[in-house]
Amino acid sequence: MKPLANGQPQMKGTSMVRVVFLSLVLTLCGIRAHLLAQKSLSAADPRLTGMDSVVQRVLNNWHAPGCAIAVVEKGRILFAGGFGYRDYPARLPVTDQTLFQIGSCTKAFTCALAGLLANDGLLDLDGKVQAYLPEFRLQNNELTGHVTLRDFMCHRSGLPRHDLSWLHSPTTRDSFIRRMAYLELSADLRERWQYNNFGYTAVGAVLERVSGKSWEALTRERLFEPLGMRTARFDLWTLPAKADFARGHRLHTDTIRRMDYLHIEGMGPAGSICANAADIARWLLMWTQGGQIEGRTLLPYSFVREALSAQMAMDGSLPGAENPSIFTFGYGLGWVLSNYYGHYRAAHGGGIHGFTAEVCLFPADSIGIAVFVNQNRSQAPAVLRNLIADRLLQLPYRDWDAELRRQYASERLSLLTAQQGLAAERKTGTSPTQPLPAYAGRYYHGGYGAFEVVWRNDSLLALTPGLAYHLTHFHYDVFRAVPLSEEAREDLAGFGMRFQFIANLRGEMSELHAYGIEPGVEKVAFKRKTLTVEIPLAQLERYCGKYAIGGTEATVFLKGKTLTVSLPGQPEYETVPVGEHTFKLKALEGYSVRFEMKEDGITPNAMLFIQPNGTFRATRQ
């Protein structure tokens, strides 16, 4: 070891490498030290003293099994951890690594991806959706050519939620995009703010199209991995049983019950991300530091400013008398923007079967808060978010637990009043116009799929792949649609769905009008689909022959295996078998033929032409 000119010893070879390596490790530890969270929320900061017991009290008051909380401020993770149970029956604890479904808090991730790809020059946020997805259509053709990515990202497309479309009939992302052409609009483009999940699915499809990668792969590559969100994913149900993930729960008459996971792969860009407290803390850090983390820029600052700025007004009303210092004024790109006691707040909630989430930013104060609770439609995340924010912002104490309990009770009372009002509309002493089995059939809508209405065990049921309903008579040909499952009855209690069956001129039920299936529109009309039946070729051959009618002659013959009817001077009409000796004409809606059979039940002696203007009999020659 030789002395240097400044008197410091000079090291060679391996010794030098070891010191340099040790120095690098210590430097990195110094960089990351400020990111390490406290194990106790109360110990995270003097302003949060006593918060651990407050959190537990809130969970107890709302009968919530558990929660994950992340709190960041000025580039530091103050806290990332858990309280209560991730699986209530098994009494498994929530940790900072416990994964929760975060529902619509996913939307900010999808917007961030759009911002990154726009920065890459792959798309323009104000570009027309149809320019990227030529197959994209809305019900209004003129609107189709004008709606932009930004319109969907800030919920101003004119399309209301239509959530029962994807809850009734889950499908692929591409199929959801095709469904949008049939969903009823409730406003003009950019006329008003209307929350909609389909629009975010369309944005996700555009990201996939321009990048050549799935939305999930993009999210991992451009956000999860650079942020160090090591365990974030898009499902929980594929994890091994011993993994650290939460089970969803719901509250029923003060009893905590498990809920099954909702598989929403097709609607992923609108709400499928799962994350834990440690992961989401790093997401909060990036947003509160203008798109940077650990000195690296992950999201362009220009996009951060844009996303956290009002893109669409949400509510033009004055602040309420109860909370004059808290009011929402707009929606950014994946964020709801509001004033909170003079502090600028950007936040978003998320709700999905068994889980409720709140993610909140105070950009000017460099504060971020996230609360995940494994309880369906829970108020606990909003309570805890506000209580933590008030402490950090050093605002006067307000009992948010009691306040939101009053709001919840008021909402339940309003729901009960609405249900009583609906019951009062019922005309008593009425009956269905037809025997209940006559209402059975397949009723189809291009945006919602099909209701299979069936008569089973003396009950009329309406079945979809995702939900099933018991149809109870309301009045005349109107029936209340009551979900069969207890949890669906609770979730859809405010919908007040009623189905009206419409008969055609022949007295057959031909349409089902669903009222309340989408609160933004008056009704959604489902048309009855004719179900084909298989008929042996030998039986089809018995129908063939000539039939006399009004001085002319109709010919029935087989074209391959298709029974076909021909009349002089008219085209040939191919038919589809739909019932006993009954065939629908393919080319003419509302037209069919039915064969009258001899006493032997084998040979026809006449053919009935059933048309909108009447029924006409042709005698077999």
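The values are calculated or read from the model by the stated rules, or taken from the named source; none is laboratory data. Treat the numbers as computed from the prediction; the structure is a model and nothing was measured. Heads up, the Cβs are rebuilt from the backbone with ideal geometry, glycines too, and the neighbour counts pull from every protein chain shown. Protein only, heavy atoms only, side chains kept; ligands, DNA and RNA dropped before computing areas. Shrake-Rupley method; radii C 1.70, N 1.55, O 1.52, S 1.80 Å.
Taking a cut-off of 21 Å between Cα atoms, list the lysines near Lys107, but don't count ones fewer than 8 places away on the same chain. List returned: Lys128, Lys213. Note on Leu395 and Thr532: their simple-model spin labels are 6.3 nm apart, each label 7 Å out from Cα toward Cβ. Sorting the segments 414-426, 48-60 by their residues' average number of neighbouring beta-carbon atoms within 10 angstrom, most packed first, yields 48-60, 414-426.
Given R0 = 60 Å, the distance between the Cβ atoms of Cys544 and Leu416 translates into a calculated FRET efficiency of 0.40. One Cα centroid belongs to the range 563-578, the other to the range 450-477; the line between them spans 35 Å. Label separation (Glu403 vs Val482): 3.9 nm, computed from points 7 Å beyond Cα along the C-beta direction. Inter-label distance, Ile256 to Ser214: 3.3 nm, where each label sits 7 Å from its Cα along the C-beta direction. Rounded to the nearest 0.05, what FRET efficiency do Met597 and Thr171 have when you use their Cβ-Cβ distance and R0 = 56 Å? Taking R0 as 56 Å, the efficiency between Met597 and Thr171 is 0.85.
Taking the Cα centre of the chain as origin and charging only Cβ (+1 Lys, Arg; -1 Asp, Glu), how large is the dipole, in debye to the nearest 20?
In debye, rounded to 20, the chain gives about 1100.
How many angstrom lie between the Cα centre of the range 258-274 and the Cα centre of the range 321-390? For the range 258-274 versus the range 321-390, the Cα centre distance is 21 Å. Taking the protein heavy atoms of the range 196-296 in the context of the full set of protein chains, the accessible area attributed to carbon and sulfur is 46 percent at 1.4 Å. A simple charge model with +1 on the Cβ of Lys and Arg, -1 on the Cβ of Asp and Glu and nothing else charged puts the dipole of the range 487-621 at about 420 debye relative to its Cα centre. Its relative contact order, with pairs defined as Cα atoms under 8 Å and 6+ residues apart, puts the chain at 12 percent.
When a/c is below 1.5 the answer is rounded, else prolate if a/b is larger than b/c, else oblate, so apply that to the range 150-196 with a ≥ b ≥ c taken from the square roots of the Cα gyration tensor eigenvalues. Taking the square roots of the gyration eigenvalues as a ≥ b ≥ c, the range 150-196 is prolate. Lysine pair count for the range 516-621 with Cα-Cα distance under 30 Å and sequence separation of 8 or more or different chains is 25. Which one, (1) 43, 32, 22; (2) 59, 29, 22; (3) 52, 28, 25, gives semi-axes √(5λ) of the Cα gyration tensor in Å as derived from the coordinates shown? The value matching this structure is (2). Each pair of Cα atoms in the range 405-525 enters the Kirkwood radius, and Stokes-Einstein at 25 °C and 0.890 mPa s then converts it into a translational diffusion coefficient of 160 µm²/s. Here's the picture: charge each Lys and Arg Cβ at +1 and each Asp and Glu Cβ at -1 in the range 244-369, and of Met286, Met259, Ser325 the one pushed furthest to the positive end of that dipole is Met259.
Taking every alpha-carbon pair within the range 493-567, the share separated by more than 13 Å comes to 76 percent. Taking each residue as 0.36 nm, the span from Tyr301 to Lys586 lengthens on full extension beyond its C-alpha to C-alpha distance by 96.7 nm. Counting only residues at least eight positions apart within a chain, or on another chain, the lysines with an alpha carbon under 24 Å from that of Lys39 are Lys74, Lys242. For the range 493-543 versus the range 130-180, the inter-centroid distance based on Cα atoms is 25 Å.
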